[in-house]
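All of the numbers you see were taken from the coordinates with simple rules; none came from a lab. Please read these numbers as outputs of a predicted model, since none were measured by experiment. For neighbour counting, all protein chains shown are included, and Cβ atoms are generated from backbone atoms with ideal geometry for every residue, glycine included.
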């Protein structure tokens, strides 16, 4: 059987990792060495879309994944990595911003 090669090469703004800190707060790490601690709670609670609203359940929220540089939850909810890095998504609360060399 042929080995499938991963051709994904992260851009500097791509998400490379996400770690649950508290109920709806993640530490999101980017390929450029920066990280953001982001509270998604208000965004989820105030959202009218039932596909997003379901992630008020902290167990479901904790099942996020990084797929091809994008933070996603079962394709129900995902965020543009550049917008996450720049902090331009309305409703998200940015708690902490760091770089690897800080």
Provide a single number: the residues in the stretch 68-89 that are in contact (Cβ under 8 Å) with a residue 40 or more places away in the chain and assigned to a loop (DSSP other than H, G, I, E, B). 4
How many residues are in contact (Cβ under 8 Å) with a residue 40 or more places away in the chain and closer than 22 Å to residue 97 by Cα if we restrict to the stretch 39-64? 8
Sole residue being surrounded by 14 or more Cβ atoms within 10 Å (Cβ to Cβ) and touching a helix residue (DSSP H, G or I) at 6+ places or on another chain (Cβ under 6 Å), chosen from 56, 25: 56
Restricting to the stretch 29-51, what's the tally of residues that are surrounded by 14 or more Cβ atoms within 10 Å (Cβ to Cβ), out of contact with any helix residue (DSSP H, G or I) (no Cβ under 6 Å at 6 or more places or on another chain) and not in a loop (DSSP other than H, G, I, E, B)? 9
